Amino acid sequence: MKNYKRICILVILLIMIVGVGARSVYANKEIHDETKYHVGEIVEIFEKVERDENNFFGNVSTEKTKVKILKGPLKGELIEAVATTQKYKDYENGYKVGDKVVIIENLQISEGKFFVADHYRMTWVYWLIGFFVLIILLIGRKAGIKSLASMSISIILVVVFIYLIVQGLPPIPTAIGLAVLNTIVTIIVVAGFSKKSLASILGTIIGIIIAFGLAYLIGFKTHITGLANEQAIYLQTIDSITINPQSLLYSGIIIGALGAIMDVAMSIASSIEEVYKADSQLTIRELYNAGMQVGRDVMGTMTNTLVLAYLSSSLPLFILIYINSSDLPFMYNMDYIVTEIVRIFTGSIGLIAAIPCTCAIAACLKYK
């Protein structure tokens, strides 16, 4: 019971640190003196103006709205805000009375300074997160608490990574260092101090290093720029920070593959430990073979998980490739496509390499 309470306290502290850390990273950025953001609810819509522009941004219309501010210093005030809606064929990003919205206040002008920026979505996001926590605690119980703790650790380290590279630290060494730290802390929280934990940690680190090494080599040979998406390009336009886009890409590969590799390493180390408990007379080779059999089964599903996770985030792009299928060789040679291919296969190779490494380490440690 004491351990259970300690884990609960740890999870609460980690969640608090996540929130404070995220706010700290945001607070350390340059404060925007020109704008402020508010959350409000639309209570009236009037003076709608239709404009059929038929351009890249679709059919655009503007409308004046009356919005009640729900949070912050202006809470309870009614303000007029201009909203812009866009219509793409059968889809329209519009607003209606009762919608919660994000309001931008332009501090450089005195009249007409409020604008509807977007729908406010976080209310339902909070409900979803709360439901996730409830489900994981009901089903997992003590293991669920450990899962929440490990998730909080990962989020903290990503927040710390963002903060450190914005402060000027090199992304790749920072990502590797935090990945190793994340692996050690997460596995110890989940499995405690044991030979199984040590095997999982070492197997994960080896897999991550192999994934990064391959990504770096192939990225260098294929001249990947790291500027395959709009966000990476936009970062290069900010004068206050200097981040190498290629280094940021390789750091993302390290962080993206970490979870899957850690999962595989822990599964194999746990299986070898259970096999050894069932028959302590097994030799190192027999334990290794037992772990490899589990690893082969896990390998098929986990590599598939990586492929689907990466491909699903790029569905619009692949639809465009399909539409322009006459130029497939050129399309597949694009920086963005090659970047995704490198991301998928280097992460998968790191995962696969972690299997025999973890098996060998776990089997040997049982005889130490």
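The values are calculated or read from the model by the stated rules, or taken from the named source; none is laboratory data. Bear in mind that the values here come from a model prediction, so they are computed numbers and not experimental data. When we count neighbours, we look across all protein chains shown, and the Cβ atoms used for this are built from the backbone with ideal geometry, even at glycine. For the accessible areas, the whole protein counts, side chains as well, though only heavy atoms, and no ligand, DNA or RNA atoms are used. Shrake-Rupley method; radii C 1.70, N 1.55, O 1.52, S 1.80 Å.
Structure values in brief
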| read-out | value |
| --- | --- |
| Relative contact order computed over the range 227-354 (Cα-Cα under 8 Å; 6+ residues apart), in percent | 36 |
| Inter-site label distance for Tyr332 and Leu138 at 7 Å from Cα along Cβ, in nm | 4.7 |
| Solvent exposure ordering (accessible area, 1.4 Å, most first) of His38, His223, His119 | His223, His119, His38 |
| Built amide H within the under 5 Å cut-off of Val39, gap 5+ | Leu70, Lys71, Ile103 |
| Computed accessible area, Lys113, all protein chains, 1.4 angstrom probe, square angstrom | 50 |
| Entries of Lys71/Lys146; Lys71/Lys96; Lys221/Lys366 with Cα pairs more than 30 Å apart | Lys71/Lys146; Lys221/Lys366 |
| Projected-area average for the range 239-291 over all orientations - Cα convex hull basis, square nanometres | 5.3 |
| Estimated FRET transfer efficiency when R0 is 35 angstrom, pair Lys96-Asn229 (beta carbons, to 0.05) | 0.60 |
| Surface accessible to a 1.4 Å probe, Thr305 within the full protein complex, Å² | 70 |
| Surface share of carbon and sulfur [accessible, 1.4 angstrom probe, percent] for the range 226-363 | 63 |
| Label point distance in nm, Ile323-Thr301, each placed 7 Å from Cα along Cα→Cβ | 3.7 |
| Rough spin-label spacing in nm, given labels placed 7 Å along Cα→Cβ, for Asn59 and Asn289 | 7.0 |
| Percentage of interatomic Cα-Cα distances in the range 173-284 larger than 19 Å | 56 |
| Whole-Å distance, taken between Cα centres, linking the range 250-306 and the range 98-117 | 53 |
| Kirkwood estimate for the range 81-140, i.e. one over the average of 1/r between Cα atoms, Å | 14.4 |
| Accessible surface of Leu202 - all protein chains present, 1.4 Å probe, nearest 10 Å² | 70 |
| Accessible area, probe 1.4 Å, largest first, for residues Met266, Met122 | Met122, Met266 |
